[in-house]
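What follows draws every value from the coordinates through simple rules; no lab data is involved. Small disclaimer: the values here were computed from a predicted structure and weren't measured. Neighbour counts are summed over all protein chains in view; Cβ atoms, including those assigned to glycine, are modelled from backbone coordinates with ideal geometry.
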Amino acid sequence: MAELAGAGFLAPPLDSIFTRSADANPSVFLTFDDGFRDVFEHALPVLTQHHFFGIQFLVSDLLGKTNLWQQRVGDVSQPLMDEVRVREWLAAGQQIGSHTRTHPWLTRLSEDAAREEIVASKKALEDKFGFPVEHFCYPYGDWDQRVSDLVAEAGYRSACTTAAGINPPGASPFALKRFTARYPTRNLKAMWAFLRDLSKS
Ligand SMILES: [Zn+2]
């Protein structure tokens with residue numbers, strides 16, 4: 001984050017992807033999946049320090065619980081943000097989005113079940129926190145046209161995938177690419193190298 005700030009990057013709220021002008025400062029959009037409590041503990045102070053904005057994609061049935069979907073496949077238990085922490089996150093000017101109710105593989109569900117995960121999580125988060133929930137993130141990056149259409153129908157304005165890359169003007173807001181920043185190699189130099197390789201392929 002310090003490297004990005006030092007290089008003149010801004011990290012505006014995700015909403016501003018729809019209003020960006022060509023001469024805007026170079027920007028990154030910071031997204032956090034799953035609503036882990038350690039993001040609240042470790043990332044929020046850093047975001048605040050740099051005046052950066054981020055969005056946490058929350059699993060609406062699991063607020064204050066743990067990463068059940070990962071424990072089912074053998075991962076250790078990790079606490080998720082509870083309502084109090086989500087409220088503090090929002091009060092600090094940060095954003096929330098939906099990552100479904102229970103973190104399923106959406107393409108494996110019936111249309112009705114997938115719609116329920118997508119629609120009910122939005123409503124639950126909006127009712128609970130009183131903020132519009134306009135951004136979605138596909139659990140496991142698992143999506144297809146049917147799922148993406150359900151997300152658009154539900155009234156979301158964007159959806160994040162797990163495909164690596166950048167989003168040029170005209171890219172679908174319902175198939176946003178990202179890159180994973182959790183590895184030590186993702187310093188700014190590695191990011192530029194990654195972008196260079198991407199533009200060649
Ligand atoms: Zn996830």
- request: Could you work out, for the chain, what percent of all Cα-Cα pairs fall into each 5 Å distance bin, beginning at 0 Å and stopping at the bin that holds the largest distance?
  value: 1, 7, 15, 19, 21, 18, 12, 6, 1, 0
- prompt: Gaussian network model of the chain, Cα springs within a sub-10 Å range: biggest mean-square fluctuation belongs to which of Pro169, Pro104, Pro139?
  reply: Pro169
- line: quick note, the chain, DSSP beta bridge pairs, % antiparallel (nearest 5) is 10 percent
- prompt: Taking only C-alpha pairs under 8 Å that are 6+ residues apart, what is the relative contact order of the chain in percent?
  reply: 15 percent
- line: Long-range amide H partners of Phe179, meaning residues 5 or more apart or on another chain whose placed amide H is closer than 5 Å, are Gly165
- prompt: Want the number for Gln145 to Asp23: 0.36 nm per residue separation, take away the alpha-carbon distance, what's left?
  reply: 40.7 nm
Nonlocal amide H pairs with Phe57, under 5 Å, H built at 1.01 Å: Phe32, Asp33, Asp34, Gly35, Gly97
message: Taking θ = phi - 60°, what integer Hz values does the Karplus form 6.51 cos²θ - 1.76 cosθ + 1.60 yield along segment 88-105, in sequence order, with x for Gly and Pro?
response: 5, 4, 5, 5, 7, x, 7, 10, 10, x, 9, 10, 6, 7, 10, 6, x, 7
message: Show me the trypsin sites (Lys or Arg not before Pro) within segment 1-110 that DSSP assigns to loop and that have at most 15 other Cβ atoms within 10 Å of their Cβ.
response: Arg20, Lys65, Arg72
task: Go ahead and estimate [θ] at 222 nm for the chain from helices alone: -39,500 (n - 2.57) per DSSP H run with n ≥ 4, summed, over the residue count, rounded to 500.
output: -9500 deg cm²/dmol
task: Multiply the residue gap between Glu153 and Ala5 by 0.36 nm, knock off their C-alpha separation, and tell me the result in nm, one decimal place.
output: 49.6 nm
Hz values of 3J(HN,Hα) by residue in segment 62-75 - Karplus curve (6.51, -1.76, 1.60), Gly and Pro given as x: 10, 4, x, 10, 10, 6, 4, 5, 8, 5, 4, 10, x, 6
message: Could you tell me the calculated FRET efficiency between Glu111 and Ala193, based on Cβ-Cβ distance and R0 = 45 angstrom, to the nearest 0.05?
response: 0.60
